[in-house]
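The values are calculated or read from the model by the stated rules, or taken from the named source; none is laboratory data. Source: prediction; values computed, not measured. When we count neighbours, we look across all protein chains shown, and the Cβ atoms used for this are built from the backbone with ideal geometry, even at glycine. Note: accessible area is taken over every heavy atom of the protein model, side chains too, but ligands, DNA and RNA are not part of it. Shrake-Rupley method; radii C 1.70, N 1.55, O 1.52, S 1.80 Å.
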Amino acid sequence: MPHALLRPWRPGDAGALRSAVTISPDLITQLPVDTLTTLAACTRFIEEHLAPASDAGRHLAIERDGAAVGNVGIGAIDRRHGTGWVYYWVAAPARGRGLAAAALGALAQWALTDGDLFRLELGHRVNNPASCAVATRAGFLAEGLERAKLAYGDERFDVETHARLRTDPAPSGAALPVASGTW
């Protein structure tokens, strides 16, 4: 795998974000693609949504060969129950290289140890087998089906939920390295 790591998003990643949404129209399910049409809009989105980190959640850029090519994040953190919701995306040209699974594995490792969470959850459309493979490679076990949960346009999609517990065995795949000072 080329040099890849996880790091915080920076305003200078606006060009990479703009490129990702331009060449990956399917990211409309993850990002407000229709509003990310200029570098200024992408910079604002990074500054307001991707760069800030808090106890409630955070996004990390998946960097490959010096450029942001994707995102992995955690949100909906519930400290009382020790749970969080994780998500990921990778721009089309960087897919198929194991980056999403390695990024998700690194985030999960942090969240379940240093992040002091017990359970991480995610969901993917059942018509997206690649996302299911990412979840599985990162150690997330399938738990069930949520019928017609998501709506895109006039179409509804079933979602398969997955979870990884602190007590689950760690997956065998490699996790992406994390830039110092990221957590």
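Amide H contacts of Phe118: Thr83, each under 5 Å away and 5 or more positions distant or on a separate chain (H built 1.01 Å from N in the peptide plane; Pro and chain starts excluded).
For the chain, the 222 nm mean residue ellipticity estimated from helices alone, with every DSSP H stretch of n ≥ 4 adding -39500 (n - 2.57) and the total spread over all residues, rounds to -6500 deg cm²/dmol. Expressed as a fraction of 2.2 N^0.38 Å, the value expected for a compact globular protein of N residues, the C-alpha radius of gyration of segment 1-109 is 1.03. For Ala91, the residues 5 or more places off, or on other chains, whose built amide H falls under 5 Å of its own are Gly70.
Rounded to the nearest Hz, the phi-derived 3J(HN,Hα) couplings of segment 115-120 under the Karplus curve 6.51 cos²θ - 1.76 cosθ + 1.60 (θ = phi - 60°) are x, 6, 9, 9, 9, 10, where x marks glycine and proline. One equal scatterer on each Cα of the chain, no solvent, Debye formula: the resulting log10 I(q)/I(0) at q = 0.08, 0.16, 0.17, 0.18 Å⁻¹ is -0.23, -1.01, -1.14, -1.28. How would you classify segment 91-164 from its alpha-carbon gyration tensor, with a ≥ b ≥ c the square roots of the eigenvalues: rounded for a/c under 1.5, else prolate if a/b is greater than b/c, otherwise oblate? Oblate, since a/c reaches 1.5 and b/c is not below a/b. Residues in segment 57-63 carry Karplus couplings, in order, of x, 6, 10, 10, 6, 8, 9 Hz; the curve used is 6.51 cos²θ - 1.76 cosθ + 1.60 with θ = phi - 60°, and Gly or Pro positions show x.
Residues in segment 38-81 average 49 Å² of solvent-accessible surface per residue, probe 1.4 Å, ligands and nucleic acids excluded. The residue among Leu36, Ala130, Gly15 whose Cα reaches farthest toward the positive pole of the charge dipole of segment 1-140, with charges on the beta-carbon of Lys, Arg, Asp and Glu, is Ala130.
Measure off, as a whole percent, the carbon and sulfur share of the 1.4 Å-probe accessible area of segment 1-124, all protein chains present.
Roughly 54 percent, rounded to a whole number.
Give me the dipole magnitude in Debye, nearest 20, for segment 1-149 about the Cα centre, with unit charges on the beta carbon: positive for Lys and Arg, negative for Asp and Glu. Mind dumping the intermediate values first?
Numbers: 15 positive and 14 negative charges, 50 e Å.
Dipole of segment 1-149, to the nearest 20 debye: 240 debye.
Per residue, segment 127-166 exposes an accessible area of 60 Å² to a 1.4 Å probe, with every protein chain left in place. Computed from phi, the 3J(HN,Hα) profile of segment 34-45 under the Karplus parametrisation 6.51, -1.76, 1.60 (θ = phi - 60°) reads 5, 9, 9, 9, 10, 4, 5, 5, 5, 4, 4, 4 Hz, with x in place of Gly and Pro.
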